[in-house]
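Step one of this worksheet: look at the structure below.
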Amino acid sequence: MNGKNGESGFDTLAVRAGQVRTPEGEHNDPIFTTSSFVFRSAREAAARFAEEEPGNVYSRFTNPTVRAFEARLAALEGAEHAVATASGMSAILSTSLALLNAGDHVVAAGELFGATLSLFTKILARFGVETTFVRLTDTAAWEAAMRPGTRMLFLETPSNPLGEIADVEGLAALAHRHGAWLVVDNCLCTPALQRPLALGADIVIHSATKYLDGQGRCVGGAVVTGDADVYQAVFGVLRTAGPSMSPFNAWVFLKGLETLRLRMQAHSAAALELARWLEVRPGVTRVHYPGLESHPQHALARRQQRAFGGIVAFEVEGGREQAWRVIDSTRMLSITANLGDAKSTITHPASTTHGRNTDEQRAAAGITENLLRVSVGLEDPEDIKADLARGLRQWAPPAREIRRA
Ligand SMILES: Cc1ncc(COP(=O)(O)O)c(C=O)c1O
């Protein structure tokens, strides 16, 4: 990661890994907008289809721009393989279809992103995959939920939006004692801040839609692994079922990766500043950010991560009405559920990202009506604070009246 033993450093890989120049000698990565590829002979076509010869066939499963993105992301995660997908959700679906069979059991964190939770409870359940949900941070609960048929442990760390941290090394050891895979969604940290495979995880999931792009332009995802069998199984799902990334999107993500570490450091620095500022604001009853010393897993976050990421959640006095007033008082922050953008965004998780979860699921995940989430962008931190201060004035002590004689 830091250029020792002749290995390129992280930033060099982010800019250079995976690029293959065509004979035209272009400096930038080319975009191959073609659905299929031409063979020099019938024999070559047959050999490519049968995977007896490397080379391009059809852009559902072989495209040079997509392959460049896969190679660059794999290098950044310290892995041999990556499969790019149409979205983060299709990365999770492809992994599940590749590794699970009817009758298999999954243990997953109850604090997962809403659509991931629904994928396990509403879709995979219909195909005979049963999931037990546990508290992300309670390693003993993960252990207690293991069964002979447990094939996969699935988590996000830090969790979204509360920034709770799982002990990846401990859970990898638990998974491996039971012959299961540990899958970590690394969307909030990206490899710039955390490399789960180095901590023992088997598979990393990305929603490239978030920080890998970094400017809110495209939807995409990826599955990253060092395990050749897992790679072949996920690639097989992609080839057959086709949740593929478009070459244009892959090109956008390639550009995003070039500045990933710089952006993640800037997001993290601004988020820490905002979290500290919020902690002492009247009307703010709690701030959730793993970079704060008050955060219950601060020490673990320090061990596992290079910095603490760009997501800050906070609770305000009152309920939904007061939380919505903070959102509606902003003028610059974008009211949108996306995160990981250069533009700061604000959302009310209980009525948006987690709105389709049941009351019990929301309660278990700590998603209360008075909770707000800010994805801290790259604007000046003073302007982000000023935008939030407007809505927070509802709790400021009334200005003292000055009576004139
Ligand atoms: C942690 C996490 N994982 C996965 C996803 C799904 O990614 P996508 O929207 O690219 O399908 C999201 C989306 O918000 C997310 O926040």
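Among the residues here, Arg373 qualifies as under 26 Å from Thr190 (Cα atoms), in contact with a helix residue (DSSP H, G or I) (Cβ under 8 Å, 6 or more places away or on another chain) and either open to solvent by less than 10 Å² (accessible area, probe 1.4 Å) or within 16 Å of the ligand (Cβ to nearest atom) (or both).
Within the range 153-165, the set of residues being under 30 Å from Asn370 (Cα atoms) and more than 13 Å from the ligand (Cβ to nearest atom) comprises just one member, Ile165. Going through the range 139-171 one residue at a time, which ones are touching a helix residue (DSSP H, G or I) at 6+ places or on another chain (Cβ under 9 Å) and acidic (Asp, Glu)? Hits for the range 139-171 are Glu143, Glu156, Asp167, Glu169. Can you list residue pairs whose Cβ atoms sit under 8 Å apart, with the first residue in the range 177-200 being within 13 Å of the ligand (Cβ to nearest atom) and the second being outside any loop (DSSP other than H, G, I, E, B) and at pLDDT below 95? Count only pairs 6 or more apart in sequence or on different chains. Short answer, once both residue conditions are applied: Asp185/Thr116. Arg261 meets all of the listed conditions (1) open to solvent by 20 Å² or more (accessible area, probe 1.4 Å); (2) not in a helix (DSSP H, G or I) but one, namely (2). The criterion of at least 3 residues that are surrounded by 20 or more Cβ atoms within 10 Å (Cβ to Cβ) is met, among helices (runs of 4 or more DSSP H) falling completely within the range 264-369, by 298-304. Considered as a group, the residues in the range 100-123 that are over 16 Å from Ala166 (Cβ atoms), among the polar types (S, T, N, Q) and not in a loop (DSSP other than H, G, I, E, B) include one that is least open to solvent (accessible area, probe 1.4 Å), and that residue is Ser118. Total residues in the range 75-99 satisfying the condition of being within 16 Å of the ligand (Cβ to nearest atom) and open to solvent by 20 Å² or more (accessible area, probe 1.4 Å): the figure is 5. For the range 205-260, residues that are among the polar types (S, T, N, Q), in contact with a strand residue (DSSP E or B) (Cβ under 6 Å, 6 or more places away or on another chain) and either within 14 Å of the ligand (Cβ to nearest atom) or more than 22 Å from Met152 (Cβ to Cβ) (or both) total 1. None of Leu274, Leu300 is within 23 Å of Gly391 (Cβ to Cβ) and in contact (Cβ under 8 Å) with a residue 12 or more places away in the chain except Leu274.
Report whether or not Ala115 is within 16 Å of the ligand (Cβ to nearest atom), among the aliphatic types (A, V, I, L, M) and either in contact with a Ser or Thr (Cβ under 7 Å, 6 or more places away or on another chain) or at pLDDT 95 or above (or both). Against the criterion (within 16 Å of the ligand (Cβ to nearest atom), among the aliphatic types (A, V, I, L, M) and either in contact with a Ser or Thr (Cβ under 7 Å, 6 or more places away or on another chain) or at pLDDT 95 or above (or both)), Ala115 does not qualify.
For the range 56-64, the criterion of being open to solvent by 30 Å² or more (accessible area, probe 1.4 Å), at negative phi and small (Gly, Ala, Ser) is met by no residue.
Tallying residues that are of a type in the set (D, E, K, R), more than 22 Å from Gly179 (Cα to Cα) and either within 16 Å of the ligand (Cβ to nearest atom) or modelled with pLDDT under 95 (or both) within the range 118-149 yields 1.
Return a yes/no flag: does the range 127-141 have any residue that is of a type in the set (Asp, Glu), assigned to a loop (DSSP other than H, G, I, E, B) and touching a residue at least 24 places away in the same chain (Cβ under 8 Å). So far as the range 127-141 goes, no, none of its residues is of a type in the set (Asp, Glu), assigned to a loop (DSSP other than H, G, I, E, B) and touching a residue at least 24 places away in the same chain (Cβ under 8 Å).
The values are calculated or read from the model by the stated rules, or taken from the named source; none is laboratory data. Since we're looking at a predicted model, the values are computed, not measured. Quick reminder, even Gly has a Cβ in these numbers, built from the backbone with ideal geometry, and neighbours come from all protein chains shown. With ligands, DNA and RNA removed, areas are computed over all heavy atoms of the protein, side chains included. Shrake-Rupley method; radii C 1.70, N 1.55, O 1.52, S 1.80 Å.
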